[in-house]
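Please treat every number below as a calculation from the coordinates, not as lab data. Bear in mind that the values here come from a model prediction, so they are computed numbers and not experimental data. Cβ coordinates were reconstructed from backbone atoms using ideal geometry, including for glycine residues, and neighbour counts include every protein chain displayed.
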Amino acid sequence: MKALFHLAYHVHDLDQTRQFYTGILGCKEGRSTATWVDFDFFGHQISLHLGTPFATTNTGRVGDHLVPMPHLGVILAMKDWAILADRLRGHDLDFVLEPSIRFAGQPGEQATMFFLDPSGNPIEIKGFNNLESIYDK
């Protein structure tokens, strides 16, 4: 089965959230009320509601890095990942983990970058040269 993914989580400020998700990430805004807003997050639906964001810790060990847990993200084709990385650098975004390649030359080689939205929610964007290789061992 093919399906779209839906995730809802909390943010502090809807105006800042709109500026970040549309103006920086390039997401399209969907429906909204005074307390939440939907976005097309790279083909999937996220619903961001006013409230206290989830607590995170840098406890996810991936290679030599500790990454924020929990986090959300998407996997893009490498070309699209590079375009987004350049866009984010152009906005002087503070990265938790700078755009880089991990597992170079190994199964699972991927580009990755981690950053936080204005409410501190961690986001990872991965890039693969071949999307068919995502689950290769």
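What nm value, rounded to one decimal, do you get for the distance between A55 and D15 when each label is placed 7 Å out toward the C-beta?
Placing both labels 7 Å along Cα→Cβ, they lie 3.1 nm apart.
Charges only on Cβ, +1 for Lys and Arg, -1 for Asp and Glu: so what's the dipole of the range 6-50 about the Cα centre, in debye to the nearest 20?
Working: 3 positive and 5 negative charges, 14 e Å.
The calculation lands at about 60 debye.
So how strong a dipole does the range 57-133 carry about its Cα centre when Lys and Arg Cβ are +1 and Asp and Glu Cβ are -1, to the nearest 20 debye? Don't skip to the end; give the middle numbers.
Numbers: 6 positive and 10 negative charges, 20 e Å.
With Lys and Arg at +1 and Asp and Glu at -1, about 100 debye.
Per residue of the range 17-26, in order, report the coupling 6.51 cos²θ - 1.76 cosθ + 1.60 (Karplus, θ = phi - 60°) as ³J(HN,Hα) in whole Hz, putting x for Gly and Pro.
4, 4, 4, 6, 6, 8, x, 9, 7, x
Which far-off residues, 5 or more places away or on another chain, put their amide H under 5 Å from the one on F54, with H placed in the peptide plane?
The answer is H10.
With the Cα gyration tensor of the chain in hand, convert its eigenvalues to equivalent ellipsoid semi-axes via √(5λ) and list them largest first in whole Å. If you can, show how the numbers build up before the last one.
On the way: eigenvalues 130, 55, 44 Å².
Working through the eigenvalues yields semi-axes of 25, 17, 15 Å.
Relative contact order for the range 1-83 using alpha-carbon pairs under 8 Å, separation at least 6, rounded to a whole percent? Write down the numbers at each step before the final one.
On the way: 110 pairs, mean separation 21.8, N = 83.
Relative CO of the range 1-83 lands at 26 percent.
Work from the charge dipole of the chain (Cβ charges, +1 for Lys and Arg, -1 for Asp and Glu, about the Cα centre) and give the residue of Y9, V96, T22 farthest towards its positive end.
With unit charges placed on the Cβ atoms, the residue in question is Y9.
Between helix 78-90 and the chain, what is the angle of the helix's C-alpha long axis to the longest principal axis, kept within 0 to 90° and rounded to the nearest 10?
That helix lies at roughly 50 degrees to the long axis.
For the chain, give the magnitude of the charge dipole about the Cα centre (Cβ charges: +1 Lys/Arg, -1 Asp/Glu; no others), in debye to the nearest 20. Could you put the intermediate results ahead of the total?
Numbers: 11 positive and 16 negative charges, 57 e Å.
For this selection, approximately 280 debye.
Using Cβ contacts closer than 10 Å as the measure, can you line up F128, F115 from fewest to most? List each step's numbers first, then the result.
Details: F128 18, F115 21.
Ranking F128, F115 by Cβ neighbours within 10 Å, fewest first, gives F128, F115.
Would you work out the relative contact order for the range 33-131, in percent, from Cα pairs under 8 angstrom that are 6 or more residues apart?
On the way: 155 pairs, mean separation 25.3, N = 99.
For the range 33-131, the relative contact order is 26 percent.
Quote to one decimal, in nm, the extra length available between L72 and R102 on full extension: 0.36 nm per residue of separation minus the C-alpha distance between them.
9.0 nm
In whole Hz, with x marking every Gly and Pro, tabulate ³J(HN,Hα) for the range 4-14 from phi via Karplus 6.51 cos²θ - 1.76 cosθ + 1.60, θ = phi - 60°.
With coefficients 6.51, -1.76 and 1.60, one gets 8, 9, 10, 9, 10, 8, 8, 9, 7, 9, 6 Hz.
Explain nothing, just compute: Karplus ³J(HN,Hα) = 6.51 cos²θ - 1.76 cosθ + 1.60, θ = phi - 60°, for every residue of the range 30-35 in order, whole Hz, x for Gly and Pro.
x, 5, 7, 9, 6, 10
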